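Here the structure comes first, spelled out in structure tokens, and everything after it is commentary.
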Amino acid sequence: MGLSRRQKIIELLIDTDRPLSVEEMSAILHIDAETIKGDLPRIAEAMERKGYKMEIVPARCKKCGYKFEPSLHIPTKCPRCHSQWLEPPRFRLIKG
Ligand SMILES: [Zn+2]
């Protein structure tokens with residue numbers, strides 16, 4: 001069961017033509033966003049062994065423009081201005 005859920009996320013992240021946020025993945029796959037957040041690091045690790053790379057478009061603060069470091073961790077607050085108005089990070093799996 002766990003495997004098939006992760007497999008669906010993996011297939012979506014390979015097939016998508018643009019990087020997706022966790023909320024977008026959640027809406028497309030009908031999988032809880034918190035569950036996807038927990039799966040992302042394991043998916044990235046497993047797929048790296050198969051020759052894929054997790055492309056990360058980093059989060060950005062919509063209030064002050066702060067650019068986060070690329071990370072699989074989903075931030076909830078800007079470290080500079082403490083705003084929660086964030087452009088979420090986006091992900092996709094690319095070969096090579
Ligand atoms: Zn900010």
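Which FRET efficiency, nearest 0.05, do residue 63 and residue 27 yield, Cβ-Cβ r, R0 25 Å?
0.55
For residue 83 and residue 42 in the same chain, what is the full-extension length gain: residue separation times 0.36 nm, less their Cα-Cα distance, in nm?
That works out to 11.9 nm of additional length.
Using Cα-Cα distances under 8 Å and only pairs 6 or more residues apart, what relative contact order does segment 2-95 have, in percent?
32 percent
In a Gaussian network model over the chain where Cα atoms closer than 10 Å are linked, find which of 42, 60, 80 has the largest mean-square fluctuation.
Highest fluctuation of the listed residues: 80.
Under a 5 Å amide H to amide H cut-off, with H placed in plane at 1.01 Å, what residues pair with residue 21 once short-range neighbours are removed?
Answer set, sorted by chain and number: 91.
Could you tell me the extents of segment 2-95's C-alpha atoms along the three principal axes, largest first, rounded to whole Å?
39, 26, 22
Could you line up 91, 68 from fewest to most neighbouring Cβ atoms inside 10 Å?
Exposure proxy ranking, most exposed first: 68, 91.
Once the other residues with Cβ under 13 Å from the Cβ of residue 70 are scored (Lys, Arg +1; Asp, Glu -1), what is the net sum?
+3
Obtain the nm distance between the two label points defined at residue 55 and residue 73 by a simple spin-label model: each point lies 7 Å from its Cα along the Cα-to-C-beta direction.
About 2.5 nm separates the two model spin labels.
Which entries of 37/67; 62/95; 8/53; 8/95 have Cα-Cα distances beyond 23 Å here?
Beyond 23 Å: 62/95.
Considering amide H positions built from the backbone, and no H for Pro or chain starts, which residues 5 or more places from residue 86, or on another chain, come under 5 Å of its amide H?
Long-range HN contacts for residue 86: 62.
Where a number appears in this text, it was derived from the coordinates with a stated rule and is not lab data. From a predicted model like this one, the values you see are computed outputs, not experimental measurements. Please note: Cβ atoms are built from the backbone with ideal geometry, for glycine as well, and neighbour counts cover all protein chains shown.
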